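Okay, structure first, notes after.
The values are calculated or read from the model by the stated rules, or taken from the named source; none is laboratory data. These figures come from a predicted structure and were not determined experimentally. Note that each Cβ is placed from the backbone with ideal geometry, even for glycine, and that neighbours are counted across all protein chains shown. Accessible surface areas use protein heavy atoms only, side chains included; no ligands, DNA or RNA. Shrake-Rupley method; radii C 1.70, N 1.55, O 1.52, S 1.80 Å.
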Amino acid sequence: MELTLEKYLVWMKEFAQKISEQKDYLSDLDSKIGDGDHGNNMARGLTAVNEGLKAKQPADLTTALKVTAMALISKVGGAAGPLYGTAFLEMTKLSPKTTNLGQLLKAATAGLKKRGGAQMGDKTMVDVWLPITAAVKDKQLSAEKIKQAVESTKPMEAKKGRASYLGERSIGHLDPGAVSSGYLFEALLQAGVIK
Ligand code: ADP
Ligand code: MG
């Protein structure tokens, strides 16, 4: 599975579309265990990503990933902005050498974990990025796998980020960053990057 520039641009369009459709839902989820801004944060960021890509007309994947990372870091804000941004920035370090999607996602996830210090089971977006990266590498990605990873955060107690202030009261709610990450990978399926 090679990530071409063309497919990447479709992927980001699909992702932005989903985020815009689910903006209120994401903020509702965040209001249960956070401060209620995740939908707005992500919608603002993804609009900036697609505007940036349109304005810059990147000639290669690395440039497109860089434009994405910068827009996410500067526009999403909150905890999620730098974390998503780091994930895309890590991919730019590898993309001049390989466009293999599994390898790119592996680097992204490692960067995300390092930046936020979250492990599997801490009720964060890492609980989606890790298993989904493994599924992509094994050529096993499916909508069902994504759903499972997202749902897995519901019974968890948050150990990182704002939701961790709630301790046990975070149990029983989906993690908003896990849900938005689920949309990222659903968009990947829809963009036809994976066949
Ligand atoms: P904030 O918490 O600053 O309001 P957002 O609401 O935009 O930021 O994003 C919250 C999401 O960020 C959480 O649902 C979680 O998935 C993710 N998150 C927060 N802290 C961490 C972390 N240390 N590592 C990984 N993901 C994190
Ligand atoms: Mg928030």
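Quick grid of which residues meet (1) in a helix (DSSP H, G or I); (2) touching a Phe, Trp or Tyr at 6+ places or on another chain (Cβ under 8 Å); (3) among the aromatic types (Phe, Trp, Tyr):
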site: Arg44; (1), (2), (3): yes, no, no
site: Gly52; (1), (2), (3): yes, no, no
site: Ala64; (1), (2), (3): yes, yes, no
site: Ala71; (1), (2), (3): yes, no, no
site: Phe88; (1), (2), (3): yes, no, yes
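In the stretch 113-158, what residues are within 22 Å of Phe88 (Cα to Cα) and among the hydroxyl-bearing types (Ser, Thr, Tyr)?
Thr124, Thr133, Ser142
For the stretch 30-42, enumerate the residues that are open to solvent by 20 Å² or more (accessible area, probe 1.4 Å) and part of a helix (DSSP H, G or I).
Matches in the stretch 30-42: Ser31, Lys32, Asn40.
Mind checking which residues of the stretch 115-166 are small (Gly, Ala, Ser) and over 13 Å from Phe185 (Cβ atoms)? I'd like the intermediate steps shown before the answer.
Start the filter on the stretch 115-166 by keeping residues that are small (Gly, Ala, Ser), which leaves 116-118, 121, 134-135, 142-143, 149, 152, 158, 161, 163-164.
Across the stretch 115-166, the qualifying residues are Gly116, Gly117, Ala118, Gly121, Ser152, Ala158, Gly161, Ala163, Ser164.
Can you name the condition, by its number, that Ala143 falls short on among (1) over 18 Å from the mean Cα position of the chain (by Cα); (2) surrounded by fewer than 16 Cβ atoms within 10 Å (Cβ to Cβ)?
Only one criterion in (1) over 18 Å from the mean Cα position of the chain (by Cα); (2) surrounded by fewer than 16 Cβ atoms within 10 Å (Cβ to Cβ) is unmet by Ala143, namely (1).
Would you call Gly78 within 16 Å of ligand 2 (Cβ to nearest atom) and either among the basic types (Lys, Arg) or modelled with pLDDT under 95 (or both)? Walk me through how you get there before you give the answer.
On the way: within 16 Å of ligand 2 (Cβ to nearest atom): yes; either among the basic types (Lys, Arg) or modelled with pLDDT under 95 (or both): yes.
Here the answer is yes, as Gly78 does meet what is asked.
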